[in-house]
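Colleague: Can you read through this structure? Questions will come right after.
The values are calculated or read from the model by the stated rules, or taken from the named source; none is laboratory data. Because the structure is a prediction, the values reported are computed rather than measured. All Cβ positions, glycine included, derive from the backbone under ideal geometry; neighbour counts span all protein chains shown. Heavy atoms of the whole protein, side chains included, go into the accessibility calculation; ligands, DNA and RNA do not. Shrake-Rupley method; radii C 1.70, N 1.55, O 1.52, S 1.80 Å.
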Amino acid sequence: MSIVDELVERVDDQDRVLGVVTRRQAVREGWLHRVAVTVCRDERGRILVHRRSDQLSRYPGLYEVEAGGAVHAGESYEQAAARELAEELGLHVLPRLLFTFLNRSGQSPHWLAVHEAVTPDTVTADPDEVAWHGWLTEPELRSALPGWRFTPDSHEVFGRYLAFRAVRL
């Protein structure tokens, strides 16, 4: 099954399930569905940044602050976040859900669950998904955001992530 044919749950503006549709249909119709992402930090607090493969249909070659993707039908946000980390980065960790929000930036509107995980420095990225990856400090990442080409979700996620951490620290 291709990534655009994944079965996802169509949800309402309260994140309640309305039914099961393909991701392609949800994006085409602008229907809300669920996406789970994880911000990865290493033991030193650096954030994993990666550049999407040029072969990807959505946002080829753009940088991301988070790893993730669509939540499959019947899957929790946490299960989807863990699955995506394993698929994209070869990381087998349990991400911690921080918050969800209705995200209207990007290709189509969706509920976005933002997770965090402390991960090992060693990443085994899938070359079909990830062209490059590296660890940046928060100041380095703040400097990179205006100059590098990041996905719309990355800007939204990173801003909300920093605000969330500021309240929690």
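Colleague: From the residues in the stretch 11-26 that are under 19 Å from the mean Cα position of the chain (by Cα) and surrounded by fewer than 20 Cβ atoms within 10 Å (Cβ to Cβ), which one is modelled with the lowest pLDDT?
Modeller: ARG24
Colleague: Something else now. Those residues that are of a type in the set (Asp, Glu) and either within 13 Å of the chain's Cα centre (by Cα) or closer than 20 Å to ASP54 by Cα (or both), I need them from the stretch 130-169; list them, please.
Modeller: ASP153, GLU156
Colleague: Restricting to the stretch 31-43, give me the number of residues that are exposed (fewer than 15 other Cβ atoms within 10 Å of the Cβ) and modelled with pLDDT of 95 or more.
Modeller: Looking only at that region, the number is 0.
Colleague: Kindly indicate the residue of the stretch 79-103 that is open to solvent by less than 30 Å² (accessible area, probe 1.4 Å), in a helix (DSSP H, G or I) and in contact (Cβ under 8 Å) with a residue 40 or more places away in the chain and also farthest from THR124 (Cα to Cα) among those meeting that condition.
Modeller: Here the answer is ALA80.
Colleague: Of the residues SER76, SER57, only one is open to solvent by 10 Å² or more (accessible area, probe 1.4 Å), without any contact (Cβ under 8 Å) to a residue 40 or more places away in the chain and either of a type in the set (Ser, Thr, Tyr) or touching an Asp or Glu at 6+ places or on another chain (Cβ under 7 Å) (or both); which? Even if it seems obvious, please write down each step before you answer.
Modeller: Numbers: SER57 fails: without any contact (Cβ under 8 Å) to a residue 40 or more places away in the chain.
Exactly one residue qualifies, and that residue is SER76.
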